[in-house]
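Visitor: This structure is in structure tokens; I'll ask about it shortly.
The values are calculated or read from the model by the stated rules, or taken from the named source; none is laboratory data. Predicted, not measured: the structure shown is a model, and the values here were computed from it. Backbone-built Cβ (ideal geometry, glycine too); neighbour counts: all protein chains shown.
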Amino acid sequence: MRHYEGKVGSKGQVTIPVAVREHFSLKAGDIVDFYIDEEQGSVEIVARNKPISELFGLLDNRIGRVKEFVPEHADEFIAGHLAQEDERVLREWNEWRDFQAWRRAKRDAAA
């Protein structure tokens, strides 16, 4: 596995190394996804500008399955991804709701 490093700037922006940008044909405005693997303590970055046939193998391999594009598995993968996104959105909503409740309680206590 090739290794490249990027630097996080003061605003939290990460510079993607030239070799990585060229490999994935990334240009300004392209979107990349970050997948956190808490068990491994790592982050996987996936470029969205590739066709699904190329991305499927990369993403499916992330969860320990086949490394090649198999159209029959696309629905299963998409459903799994949507379930993860749903969990993330729900978690963030609950965190926001809890923060707002804490904020209200702090404001009411000060009043």
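Visitor: Take the stretch 56-83 and flag every residue that is out of contact with any helix residue (DSSP H, G or I) (no Cβ under 9 Å at 6 or more places or on another chain) and modelled with pLDDT under 75.
Guide: Gly57, Leu58, Asn61, Arg62, Gly64, Glu72
Visitor: In the stretch 1-55, which residues are at pLDDT below 80 and among the basic types (Lys, Arg)?
Guide: Within the stretch 1-55, Arg48, Lys50 meet the criteria.
Visitor: If you don't mind, there's one more thing I want to ask. Which residues, counting only those in the stretch 11-35, are surrounded by 11 or more Cβ atoms within 10 Å (Cβ to Cβ) and outside any loop (DSSP other than H, G, I, E, B)? Please lay out each step first, then the result.
Guide: Within the stretch 11-35, the subset surrounded by 11 or more Cβ atoms within 10 Å (Cβ to Cβ) is 14-17, 20-21, 23-24, 26, 30, 32-33, 35.
Correct list: Val14, Val20, Arg21, His23, Val32, Asp33, Tyr35.
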